[in-house]
Each structure stands twice: as structure tokens, then as C-alpha cells.
Amino acid sequence: MTLVEWKPYTRSERDRIRITETSCCAAYEWACQGGHFLILRRSGKRYEEAARGLYRQARDTWESLILEHARDHMERQKGKGNSNGQTGRVPKNRKRSVRADRDRGIPDRR
Ligand SMILES: [Zn+2]
């Protein structure tokens, strides 16, 4: 785990912030404000910021966050196994099981 310190992001009216990059799943946003770079992420209705500072320093944090996020995806995929295609199979299965119930002499409950 990357240790990143997130702080609530507060923006005053005068501040001009430019978001130039959005990470996978829009998990993080790469922003530039007043010559500084920072990372934003959504936290409920608010934003949090991290790694505000020089490009290189903020970028290192950004890259490790992205890597971590990608690792999360891989782990979740591994855990899922072969659940792909399940959504397309559901209606057919339901029809088939109703028919099977009728074959067995179980009346439709209506
Ligand atoms: Zn993602």
C-alpha cells in the first residue's frame, strides 16, 4: 500500500485549477493549480487532495496510486473466476427451469 496523506480539498473562488488527466474508473484526477501539481479524488460530495507540490514529487505519488488501482483490478478479476457471460444466461435459465418444473408436474403458482 502506498502511504498517501489525503486532505480535504478546499478551493477559493479565485483559485484556478486545471484538471488535465483522469485515471482509470475516474478514481483520481491529476490537477495543476498555481504552479503546483496535486492529485484529487472524490470523497462523497467533496474532494480530497494529496501530494501537492512539485511535478516530480506529485507524479511519483500519482504513479503509485495508478499502479495500486490496476493491481486492485487484477485481484478482483482473479477472484471472480469465470463468471463472465452470466448476465446473458439468466433469462434462458429461468425459462428452462419453469419448463422443467412443468415436466415434473409442479403447477405454476398464480
Ligand atoms: Zn479502474
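What the table below lists for this structure:
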| item | result |
| --- | --- |
| First in the range 62-78 and over 18 Å from Glu5 (Cβ atoms) and part of a helix (DSSP H, G or I), second anywhere and within 11 Å of the ligand (Cβ to nearest atom) and not hydroxyl-bearing (Ser, Thr, Tyr), Cβ under 9 Å, 6 or more apart | Ala70/Cys24; His73/Cys24; His73/Cys25 |
| Residue in the range 19-33 that is within 16 Å of the ligand (Cβ to nearest atom), part of a helix (DSSP H, G or I) and on the phi < 0 side of the Ramachandran plot present | yes |
| Residue match in the range 3-10 (condition: more than 22 Å from the chain's Cα centre (by Cα) and surrounded by 11 or more Cβ atoms within 10 Å (Cβ to Cβ)) | no |
| Top-ranked residue of the range 16-27 - restricted to ones that are over 17 Å from Arg56 (Cβ atoms) and in contact with a strand residue (DSSP E or B) (Cβ under 6 Å, 6 or more places away or on another chain), ranked as surrounded by the most Cβ atoms within 10 Å (Cβ to Cβ) | Ile17 |
| Unique match (being in contact (Cβ under 8 Å) with a residue 12 or more places away in the chain and closer than 25 Å to Asp72 by Cα) among Arg41, Arg56 | Arg41 |
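Just so you know, all these numbers are worked out from the coordinates, no wet-lab data involved. Because the structure is a prediction, the values reported are computed rather than measured. Cβ atoms come from the backbone with ideal geometry, glycine included; neighbour counts cover every protein chain shown.
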